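*Asks:* Have a look at this one before I ask anything.
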Amino acid sequence: MLGRLNHVALAVPDLAAAVAAYRNTLGAEVTEPQALPEHGVTVVFVNVGNTKIELLEPLGEGSPIAAFLAKNPSGGMHHLCYEVDDILAARDQLKAAGARVLGDGNPKIGAHGKPVLFLHPKDFFGTLIELEQS
Ligand code: CO
């Protein structure tokens with residue numbers, strides 16, 4: 001089921017500062033900020049060749065990363081995103097195995113314009129997992 005690692009996501013309190021650090025200090029290629037109101041975040045992607053780093057900043061009230069940043073005020077690793085060939089088949093297989101799919105269980109369109117789902121971190125050793133249709 002599990003395909004390649006699409007990205008590692010870091011929640012950051014100040015996206016402009018994080019972009020400057022990756023672009024200027026680390027010399028990385030960083031995309032322009034993209035607001036995703038449906039997900040309550042603004043994102044950029046850092047291209048690192050074998051995968052991407054997603055930098056996330058809260059957007060709007062009740063952002064799903066607000067509580068994470070309250071606990072980790074300087075930021076931190078928020079989730080891993082793996083690609084799957086068929087997101088609905090993957091969801092059904094995972095649910096049958098007892099894994100909890102967050103939200104209403106239906107994929108939303110993610111930052112790459114493809115369907116995504118999130119799996120409960122308590123079912124995967126403390127790590128939030130995003131699945132993206134490849
Ligand atoms: Co992500």
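Laboratory data are not the source of any read-out in this text; all were calculated from the coordinates shown. The model shown is predicted, which means the values in this text are computed figures rather than measured ones.
*Asks:* How large is ³J(HN,Hα), in whole Hz, for each residue of region 4-9 in order, when computed from phi with the Karplus curve 6.51 cos²θ - 1.76 cosθ + 1.60 and θ = phi - 60°, using x for Gly and Pro?
*Replies:* 6, 6, 7, 7, 10, 9
*Asks:* Past 22 Å, Cα to Cα: identify those pairs from 52/122; 71/95; 52/114; 95/122, in the order given.
*Replies:* 52/122; 71/95
*Asks:* Per residue of region 71-78, what does 6.51 cos²θ - 1.76 cosθ + 1.60 with θ = phi - 60° give for ³J(HN,Hα)? Whole Hz please, x for Gly and Pro, Karplus curve as stated.
*Replies:* So the J values, rounded to whole Hz, are 7, 10, x, 8, x, x, 5, 9.
*Asks:* Using θ = phi - 60° and the Karplus curve 6.51 cos²θ - 1.76 cosθ + 1.60, what whole-Hz ³J(HN,Hα) does each residue of region 126-134 get, with Gly and Pro shown as x?
*Replies:* x, 10, 5, 10, 9, 10, 10, 4, 8
*Asks:* Skipping prolines and chain starts, which residues have an amide H placed within reach, meaning under 5 Å, of the one on residue 72, given they are 5 or more residues away or on another chain?
*Replies:* Under 5 Å from the amide H of residue 72: no residue qualifies.
*Asks:* Please identify, among 56, 80, 88, the residue showing maximal mean-square fluctuation in a Gaussian network model of the chain using a 10 angstrom Cα cutoff.
*Replies:* Result: 88 has the largest fluctuation of those listed.
*Asks:* With angles folded into 0 to 90 degrees, how steeply does helix 87-96 sit against the dominant principal axis of the chain? Use alpha carbons for both and round to 10.
*Replies:* 60
*Asks:* With just the Cα atoms of region 64-114, tell me how far they stretch along each of the three principal axes, in Å, largest first.
*Replies:* Here the Cα extents, ordered largest to smallest, are 37, 27, 18 Å.
*Asks:* Let me know the Kirkwood hydrodynamic radius for region 2-133, please, with Cα pairs as the basis and the value in Å to one decimal.
*Replies:* It works out to 15.2 Å.
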